[in-house]
Amino acid sequence: MKKIVKSFYDYLDERLHLEDLVHFMGKKYVPVHAHSIWYYFGGVSLFFFIVQVTTGILLLFYYKAGPDLAFESIQYIMSKVQFGWLIRSIHGWAANLFILSAVIHMFSVYFEKAYRKPRELTWISGMLMLFLGMGFGFSGYLLPWNELSFFATKVGSDIAGAVPIVGESMKILMRGGPDVTGATLSRLFGFHVALFPGIFTVVLGIHLLLIQRQGISEPMHFEHLEQKEKKTMPFFPNFLLRDLLLWLVMLNLLAILAVFFPAELGHKADAFGSAPAGIKPEWYFLFMFQSLKYLPAHIIFIEGEVLGILLFGAAFALWLIVPFWDRKSARGEKNRLITYLGIFAIMFIIVLTILGWVA
Amino acid sequence: MKNIIFFTFTFFLLNGFSFLNGKAPESSDQCFVCHEQLGGVADLFKKDIHFQKGISCAGCHGGDSKTDDMDKAMSKSAGFLGIPKGDDISLRCANCHAKKEMMQKYGSHLPTNQLELLKASVHGKLSTTGKEKIVQCITCHNAHGIVSVKSPASPVYPLNIPNTCGKCHSNAKFMQTYNPSLAVDQVAKYRTSVHGMLNAKGDPKPAECASCHGSHGIRATADTKSQVYALNIPETCSKCHSDAEYMAGYKIPTDQYAKYAISVHGKALLEKHDVGAPACNSCHGNHGATPPGVESISKVCGSCHALNADLFSSSPHKQAFDKEKLPECETCHSNHAIMPATKAMLGVSKEAVCSKCHTESKSTKGYFVAQKMRSYVDSLDASEALALKLINEAEQKGMEISETKFKLRDAHQAKLEARTMVHSFNEEKFKEVVVGKGLAVTTASISEAKEAVDNYFFRRYGLMVSVLIISVLSFALYLYIKQIEKKQASKIS
Amino acid sequence: MSDLDSNQNRRSFLKYLLSTSIVGFLASVLYPVISYLNPPKQNEVEVSSVLAGKISDFEKDSGKIIRFGNKPVIVIRTEKDEFKALSAVCTHLDCTVQYKKELGLIWCACHNGKYDLTGKNVSGPPPRPLEVYKINKQGENIFVSKKA
């Protein structure tokens, strides 16, 4: 057995020079310090992404996009296909957990200021993936074609339509017409299973390549330490195995969630039916949705909603380019403003999400 | 020459004025002068409203009425037409009657669309000979003795209309040539109706043929524009019956239409356009319109609600109702405002109709039977609701439950059958349907749905196994990491 | 010696545990995935055709209710040995209709609604005719399908 493995390895090594790669990985170290735990969330996000790709492909075998068949095919998956309920529920849960772990990953990088030079591009690619993840969530939400998803999509795209100048054409582009119809379903289906995964894979490749090339970011206080005072752990196998261990725990968590809180079917969407009470977007959109609700109809001369959207847009843009305007961290100095902004953002998101949840 | 011109001028002037004044230019109507001596038609024409308005024979027949030379007067060159034939007759009338200015000249404000309406009507469209339409103006209005519709002498005066229409419509031989399937008993039936009897007594207000069918624009009953097309009947009847002022002398209510419109029948007909639903005439008859008598109500309702009527007739209520002279269906369901029958009608609560008679003290048995019957329905309802809830729950959890859902249809059927069976007023028979059929299905559905939900929880055992395996693997991996790190530590040291 | 031995033992036990639990793990992941890929018996999302039974299952001049998706369909073998399939849901209040031999009609027990064998509502409260389904004979088998 061992011989076969060895000869196979040799065969590959001869052609691909695997030795270099192993050597490279063996040289890679992960800093060990009080906040090391946060390093794992990138890997956890990757795990959920892999789960999403796998279960997504499995769902594709039975799912049929189209207003006449989408709901029925989901019903079919849930009741007729063996373990269909499990695959769908895992897909639903992993989607949520992916966003959650990606957000945690993002904030940990933010507070550690790990985005500072030379890792600006890693930050940007990561943020892009987070936005894409939200796009996945939004487009995937409509696919079961039930009442809730139908109206949530309607409301969601309406909000996008409120953006000045480009909003209306964005809304039409998103809906594939002036209204949410079967055309929207095919369109979002296309986004969900082809366009977004394609872009995501490329960005993910860049993100991982950058990490491998630049190594794992050290916390700022490491810069003042002597080389031997820096505690580290080899990336391979120590960190990778720990990563795998965490992945297993997450898989367990997914299975438990999927069995105890399975995805529900709801009732088939009816374009002419009245919206069910309490239409809410997915939880990660909730804080935005809720803040828009609190804005008055008119602020000075523009609509409250429009102002809110513009403010959120500006905030996201600022957040996206934080490596470029946070000069202090880039110089290795402490920047408290960034930390306070981050804390404010987290508080804001948590409070409004809770408010939106109980509303 | 000058004299002649002057004479002609003054003649025209005078003639023209008298024309406008509407006075009969007797002396100048030479047709009349001669024909009066012949008698007959001219005598009739004397009473004619057209004669009184100063219209000469020539108005309809053409020719020159100013000359006493017969050859000249009735020559083609003078425009003499003779006796108009076929469709020309109505066209002659329309020559004036379709022209507003012309009618105003004679001080008349009559409508001017009669020919138009007639042409669109069944009488103006159909023909028996192929040459002319069935009805011309003179068919109903007469030719020479035409008097105002308001005059009792007119054949189209309300009291005379039935006979006028009956001239053709009661003539089986005539009707055969044109519409063999049409009944010819309308006038006879009409004479038995309340309308017809009052009409015969000389009251012009109650409905006659034209009140419902229209006068000039009469359309076939199957024509959706007809006033007596099924969907239009309630409104047609309500024209008089909802008019409190018009109905003042007759001492009957005027809220039938309002009540009917909110009833189960009215909604089916007026809102859903279900022409199978009864309109006024379905219960009251059309030509022989009469309120059904107490003893005939169940037969009238039973013509559609046959099962209910049968059950009722063999129920103990039949005798009791007969004895008390209670109208059968109406006592519980009312007449015009018949509401959809719900279980609220059954039982001993305030809204229930049973409690109108069956109070606890008066006739105790009926009271308890009603109470029991209601409790059966209540338990079926509750059981069905539970079954639906459980099926929905199982469905939402992705369990295959369509067979049970399909079966539960029978509970709905049992509920509807119970609505019929209640008319037997027999506890056993009612129980057989509600409990034997309905409750049996719902109980079975409930247990099947519960089983499905239980099966769903069975998944947790499978989960337990896989969680265990993954946990063991995680633990092994953890130990493996520890082992490696121990090795690494020992290597470094 | 004993220390080394126990270390060795522990290591081999760990190896054993690791390899068996990896196999178990693979099984517990692959089993659902493979069962998922195994096509279910009803391999269409929507019912388009249903086997009503064999010709011999139907007596002459009788009707039988079959399940078509979630709807009942009445399959009638007429006196003249023709097969007819119609929706069995009464258009009045959704009761299930039945074939009435004495009348040669489709009859609804709830309110005495009657339909002829082409589905036309001929008497009683039903406002509309019954929907007609298609009959296909394949050898001895009778299939019912929706009319296109």
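The values are calculated or read from the model by the stated rules, or taken from the named source; none is laboratory data. Just so we're clear, the structure is a prediction, and the values are computed from it rather than from any experiment. Note that each Cβ is placed from the backbone with ideal geometry, even for glycine, and that neighbours are counted across all protein chains shown.
Anything in the stretch A:64-74 that is on the phi < 0 side of the Ramachandran plot and surrounded by fewer than 21 Cβ atoms within 10 Å (Cβ to Cβ)? List them, or say none.
A:K64, A:A65, A:P67, A:D68, A:L69, A:E72
So which of C:Q8, C:Q98 ends up being farther than 17 Å from C:I135 by Cβ and either at the interface with chain B (Cβ under 9 Å from one of its Cβ atoms) or modelled with pLDDT of 90 or more (or both)?
Only one candidate passes the filter, namely C:Q98.
Any chance the stretch A:173-184 includes a residue that's assigned to a helix (DSSP H, G or I), of a type in the set (S, T, Y) and surrounded by 19 or more Cβ atoms within 10 Å (Cβ to Cβ)?
yes
Exactly one condition in (1) part of a helix (DSSP H, G or I); (2) within 14 Å of another protein chain (Cβ to nearest Cβ) is not met by B:K259; state its number.
That leaves (2) as the condition not met.
With the requirement that a residue be among the polar types (S, T, N, Q), free of Cβ contacts under 8 Å to residues at least 24 places away in the same chain, under 19 Å from C:C110 (Cα atoms) and within 14 Å of another protein chain (Cβ to nearest Cβ), what does the stretch B:274-320 give you?
Scanning the stretch B:274-320 gives a single hit, B:S303.
Given the residues B:C34, B:C60, B:C93, which is the only one that is part of a helix (DSSP H, G or I), modelled with pLDDT of 80 or more and surrounded by fewer than 18 Cβ atoms within 10 Å (Cβ to Cβ)?
Just one listed residue meets the conditions, B:C34.
Out of A:L100, A:L21, A:L16, A:L59, report the one residue that is away from every other protein chain (no Cβ under 14 Å) and at pLDDT 90 or above.
A:L100
Looking for whichever is without any contact (Cβ under 8 Å) to a residue 40 or more places away in the chain, part of a helix (DSSP H, G or I) and farther than 22 Å from B:K167 by Cβ here; the options are B:K239, B:K225. Which one fits?
B:K239 is the lone residue from the list that is without any contact (Cβ under 8 Å) to a residue 40 or more places away in the chain, part of a helix (DSSP H, G or I) and farther than 22 Å from B:K167 by Cβ.
Considering only residues that are outside any helix (DSSP H, G or I) and not small (G, A, S), look in the stretch B:393-426 and name the one that is nearest to the other protein chains (Cβ to nearest Cβ). Full working, then the answer.
Initial filter on the stretch B:393-426 (outside any helix (DSSP H, G or I)): B:397-401, B:408, B:425-426.
Going one step further and asking which of them are not small (G, A, S), we end up with B:397, B:399-401, B:408, B:425-426.
Details: B:K397: 6, B:M399: 6, B:E400: 4, B:I401: 8, B:L408: 11, B:F425: 19, B:N426: 17 Å.
Among those that are outside any helix (DSSP H, G or I) and not small (G, A, S), it is B:E400.
Name, by its number, the condition in (1) buried (at least 18 other Cβ atoms within 10 Å of the Cβ); (2) modelled with pLDDT under 90; (3) in contact with a strand residue (DSSP E or B) (Cβ under 9 Å, 6 or more places away or on another chain) that does not hold for C:S123.
(1)
Looking at the structure I just gave you, is B:M421 touching a His at 6+ places or on another chain (Cβ under 9 Å) and within 22 Å of B:I297 (Cβ to Cβ)? Can you show your working first?
Working: touching a His at 6+ places or on another chain (Cβ under 9 Å): no; within 22 Å of B:I297 (Cβ to Cβ): yes.
In short, no.
Could you count how many residues in the stretch A:241-259 are at the interface with another protein chain (Cβ under 7 Å from one of its Cβ atoms), under 19 Å from B:M464 (Cα atoms) and either surrounded by fewer than 18 Cβ atoms within 10 Å (Cβ to Cβ) or hydroxyl-bearing (S, T, Y) (or both)?
Residues flagged as at the interface with another protein chain (Cβ under 7 Å from one of its Cβ atoms), under 19 Å from B:M464 (Cα atoms) and either surrounded by fewer than 18 Cβ atoms within 10 Å (Cβ to Cβ) or hydroxyl-bearing (S, T, Y) (or both) within the stretch A:241-259 amount to 2.
Could you run through the stretch C:78-95 and say how many residues are away from chain B (no Cβ under 13 Å) and either crowded, with 21+ Cβ neighbours inside 10 Å or farther than 27 Å from B:S402 by Cβ (or both)?
Number of matching residues: 7.
Results for (1) assigned to a helix (DSSP H, G or I); (2) modelled with pLDDT of 95 or more; (3) more than 22 Å from B:L118 (Cα to Cα), shown as yes or no for each residue.
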site: B:P162; (1), (2), (3): yes, no, no
site: B:C168; (1), (2), (3): yes, no, no
site: B:F174; (1), (2), (3): yes, no, no
site: B:A188; (1), (2), (3): yes, no, yes
site: B:G196; (1), (2), (3): yes, no, yes
site: B:P206; (1), (2), (3): no, no, yes
site: B:C212; (1), (2), (3): yes, no, no
site: B:H216; (1), (2), (3): no, no, no
site: B:R219; (1), (2), (3): no, no, no
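Quick check on this structure: which one of C:I34, C:I55 is within 14 Å of chain A (Cβ to nearest Cβ) and surrounded by fewer than 16 Cβ atoms within 10 Å (Cβ to Cβ)?
After ruling out the rest, the residue left standing is C:I34.
Does A:G42 satisfy the condition of being closer than 30 Å to A:G92 by Cβ and away from chain C (no Cβ under 13 Å)?
Yes.
Residue by residue through the stretch A:1-32, note down the ones that are farther than 30 Å from A:F222 by Cα, of a type in the set (S, T, Y) and in contact with a helix residue (DSSP H, G or I) (Cβ under 8 Å, 6 or more places away or on another chain).
A:Y9
Of all residues in the stretch A:101-115, which are of a type outside the set (F, W, Y) and either in a helix (DSSP H, G or I) or crowded, with 22+ Cβ neighbours inside 10 Å (or both)? Show your work before the answer.
Restricting attention to the stretch A:101-115, the residues satisfying the condition of being of a type outside the set (F, W, Y) are A:101-106, A:108-109, A:112-114.
Listed by number, the residues that qualify are A:S101, A:A102, A:V103, A:I104, A:H105, A:M106, A:S108, A:V109, A:K113.
Could you go through the stretch B:446-467 and let me know if any residue there is closer than 13 Å to C:L18 by Cβ, more than 9 Å from chain C (Cβ to nearest Cβ) and part of a helix (DSSP H, G or I). It would help to see each step written out before you state the result.
The first filter runs over the stretch B:446-467 and keeps only residues closer than 13 Å to C:L18 by Cβ, leaving none.
No; the residues of the stretch B:446-467 include none that is closer than 13 Å to C:L18 by Cβ, more than 9 Å from chain C (Cβ to nearest Cβ) and part of a helix (DSSP H, G or I).
Given the criteria more than 22 Å from A:F150 (Cα to Cα), part of a helix (DSSP H, G or I) and either in contact (Cβ under 8 Å) with a residue 60 or more places away in the chain or more than 13 Å from chain B (Cβ to nearest Cβ) (or both), does A:L86 qualify?
Spelling it out, A:L86 is indeed more than 22 Å from A:F150 (Cα to Cα), part of a helix (DSSP H, G or I) and either in contact (Cβ under 8 Å) with a residue 60 or more places away in the chain or more than 13 Å from chain B (Cβ to nearest Cβ) (or both).
Quick one: is B:A444 at pLDDT below 90 and among the hydrophobic types (A, V, I, L, M, F, W, C)?
Criteria not met by B:A444.
Tell me which residues, restricted to the stretch B:313-344, are loosely packed, with under 13 Cβ neighbours inside 10 Å and either among the β-branched types (V, I, T) or within 14 Å of B:V300 (Cα to Cα) (or both).
Scanning the stretch B:313-344 gives a single hit, B:T342.
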